[in-house]
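Student: First the structure, then my questions, so here it is.
The values are calculated or read from the model by the stated rules, or taken from the named source; none is laboratory data. Just so it is clear, the structure is predicted and the values come from calculations on it, not from any experiment. Counting neighbours? That spans all protein chains shown, and the Cβs are built from the backbone with ideal geometry, glycine included. Heavy atoms of the whole protein, side chains included, go into the accessibility calculation; ligands, DNA and RNA do not. Shrake-Rupley method; radii C 1.70, N 1.55, O 1.52, S 1.80 Å.
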Amino acid sequence: MSDRADRSGTDQAGPDRSGTEQAGPGDEGQLLLAREPGSDEERRKRLRERRTAVNRGAERVLSRLGYLGTLRERLAALDRAEEVYDLDEPSDLYGNGVVEALEGKVAALLGKEAAAFFPTGTMAQQVALRCWAARTGNPAVALHALSHPEVHERHAFSQVSGLRPVRVTSEPRQPTADDVRGLDESIGALMLELPLRDAGFVLPTWQELTEVVEAARERDLVVHFDGARLWETTEYFGRSLAEIADLADSVYVSLYKSLEGLGGALLAGPRELVEEAKAWRHRYGGTVFQQFPTALSALAGLERELPRLPAYVRHARVVAAALREGFEAAGVPWFRVHPEVPHTHEFQVWLPYDADVLAEAAVRQGEATRTLLFARPWDGGGPGAAFTEVTVRAAGLEWTADDVRAAVADFVTRLP
């Protein structure tokens, strides 16, 4: 599931809309919850189950969420693995074979000397930054307050790896060169999340990124990219993956967020760093006996999904514009598509309703029409407001702007 799948009660389901029209602003969710029997957790569970069923049965979605598929469907994704690797080769043992092939392919794509496979990005980044801290003698890591380690990893930097996070900014934007120059304490490394997911999948401009890196170099800092979704940034930057990664000393990339693999991550950088990282991977329990299903799915993703990502990004801009037009035509009093022109194939939509109301409306639309406009959970962003994330993939390419506007019009009729 998504990192944010159940935060703030966003998966709470509601009953019929009858009677909710008399609610005051911000009260719709409370009334719906009051009418639905069972605990909050039971309501969340029911809505998760309904949303999963709708995802599987919908005829039209903007993105097919592979991780919600059945075991049979997930295994079927490996049916064509022979197209990307010789299946008559011996299986992997503790990171050799197909895992080494994957490491070499990704290192080449990123223009780095070497790469190491990790079961999770959380582990990969902790290992990378503790290795850099040993080299610099400084455990302080400058990073955004909305970065993944700060929001989603239960303080793992400090609790597990002896690192000290220093927030370079808390504003919902990418850090700037002035932010880096203005840090008033000694730090050893700068970590940049590209794109910054919790701020709306936002990226700096190429000039801004190079200026931030230059500011870091002025302070003799190591630069590490949290590139979980780096794959999808080439269209926005107008640069190759190797050109982008060349700005950083080390880069982490996810194998499932953009590539639809079964899991896993890779850390790329100088060969000496990668070899040390593999030693720490073993100490962290990340040198797994066999990883061939994950490695094969990642190789397939590099072959099939990576070339398609620029098209997804371009069409996400069409979808975002049509969403804005649809909400304007429907007379929604306030909404926001953020960024207005998406930087990647993912972006946020904000609406002036409680999260549980929007989640219920989205599922009901899918159940009634087999068209699922909003497939992801909704998060409360404040009193009477919530947001969701929209992802455009292969299935979304079939949607015209008119299709999106029609789906918005239908969705709005299901709101109180």
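Student: Using unit Cβ charges (K, R positive; D, E negative) and no other charged atoms, how large, in debye to the nearest 20, is the dipole of the chain about its Cα centre?
Tutor: Rounded to the nearest 20 debye, it is 600 debye.
Student: Determine ³J(HN,Hα), in whole Hz, for all residues of the range 309-324 in sequence, where each value follows from phi through the Karplus function 6.51 cos²θ - 1.76 cosθ + 1.60 and θ = phi - 60°; x replaces Gly and Pro.
Tutor: Result, ordered by residue: 4, x, 5, 4, 4, 4, 6, 4, 5, 5, 5, 4, 5, 5, 4, 4 Hz.
Student: Could you give the distance between the Cα centres of the range 344-416 and the range 265-305, to the whole Å?
Tutor: That distance is 35 Å.
Student: Now a separate question. Figure the gain on full extension for L71 and E398 (residue separation times 0.36 nm, minus the Cα-Cα span) and round it to one decimal in nm.
Tutor: 115.1 nm
Student: Which one of F347, F327, F374 has the biggest mean-square fluctuation once the chain is modelled by GNM with Cα springs under 10 Å?
Tutor: F327
Student: How long is the gain from E208 to N96 if the chain were fully straight, where each residue apart is worth 0.36 nm and the alpha carbon distance is subtracted?
Tutor: Here the segment from E208 to N96 would lengthen by 36.4 nm.
Student: What angle do you read, to the nearest 10 degrees and between 0 and 90, between the alpha-carbon axis of helix 271-283 and the longest principal axis of the chain?
Tutor: That helix lies at roughly 70 degrees to the long axis.
Student: Can you check what the net charge comes to around T287, using other residues whose Cβ is under 12 Å from the Cβ of T287 (Lys, Arg +1; Asp, Glu -1)?
Tutor: Net of charged neighbours comes to +2.
Student: Further question on the same structure: So, in nm, how far is label E82 from label R154 when the simple model puts each one 7 Å beyond its Cα toward the Cβ?
Tutor: So the two model labels end up 4.3 nm from each other.
Student: Leaving out ligands, DNA and RNA but keeping every protein chain, what accessible area does S91 have, in Å² rounded to the nearest 10, with a 1.4 Å probe?
Tutor: Approximately 60 Å² of S91 is accessible to the 1.4 Å probe.
Student: Sticking with this one: Can you give me the relative contact order of the range 321-416 as a percent, contacts being Cα pairs under 8 Å and 6 or more apart?
Tutor: 36 percent
Student: If packing is taken as the mean number of other Cβ atoms within 10 Å per residue, what is the order of 256-263, 223-230, highest first?
Tutor: Taking the mean over residues of other Cβ atoms within 10 Å, the ranking is 223-230, 256-263.
Student: Given the -39500 (n - 2.57) contribution per DSSP H run of 4+ residues, what per-residue ellipticity at 222 nm results for the chain, rounded to the nearest 500 deg cm²/dmol?
Tutor: -12500 deg cm²/dmol
Student: Moving to a separate point now. Might you report the magnitude of the Cβ-based charge dipole of the range 37-140 about its Cα centre, with Lys and Arg at +1 and Asp and Glu at -1, to the nearest 20 debye?
Tutor: Using Cβ point charges on Lys, Arg, Asp and Glu, the range 37-140 gives about 940 debye.
Student: What does the accessible area per residue of the range 237-276 come to in Å², with a 1.4 Å probe and no ligands, DNA or RNA counted?
Tutor: With all protein chains present, the range 237-276 gives 33 Å² per residue.
Student: Quick check: the angle from helix 121-136's long axis to the longest principal axis of the chain, C-alpha only, nearest 10 degrees?
Tutor: 40 degrees
Student: What are the ³J(HN,Hα) values, in whole Hz, obtained from phi via the Karplus relation 6.51 cos²θ - 1.76 cosθ + 1.60 with θ = phi - 60°, for each residue of the range 139-149 in sequence order, with x given for Gly and Pro?
Tutor: Karplus-based 3J(HN,Hα) across the range 139-149 equals x, 7, 10, 7, 7, 6, 5, 9, 5, 4, x Hz.
Student: Could I ask something else about it? Bin all alpha-carbon pair distances of the range 303-350 at 10 Å intervals from 0 and give each bin's fraction as a whole percent.
Tutor: With 10 Å bins starting at 0, P(r) equals 27, 45, 20, 7, 1.
Student: Rounded to the nearest 0.05, what FRET efficiency do S240 and K45 give with R0 = 51 Å and r taken as the Cβ-Cβ distance? Could you check?
Tutor: So, using R0 = 51 Å, E works out to roughly 0.70.
Student: Still on this structure: For the residue pair R181 and E272, what label-to-label distance in nm results when each label sits 7 Å from Cα along the Cα-to-beta-carbon direction?
Tutor: Result for the modelled spin labels: 3.1 nm.
Student: Under the rule of at least 5 residues apart or a separate chain, name every residue whose amide H is placed under 5 Å from the amide H of Y256.
Tutor: G261
Student: Can you tell me the 0 to 90 degree angle between the C-alpha axis of helix 206-218 and the longest principal axis of the chain, rounded to 10?
Tutor: 40 degrees
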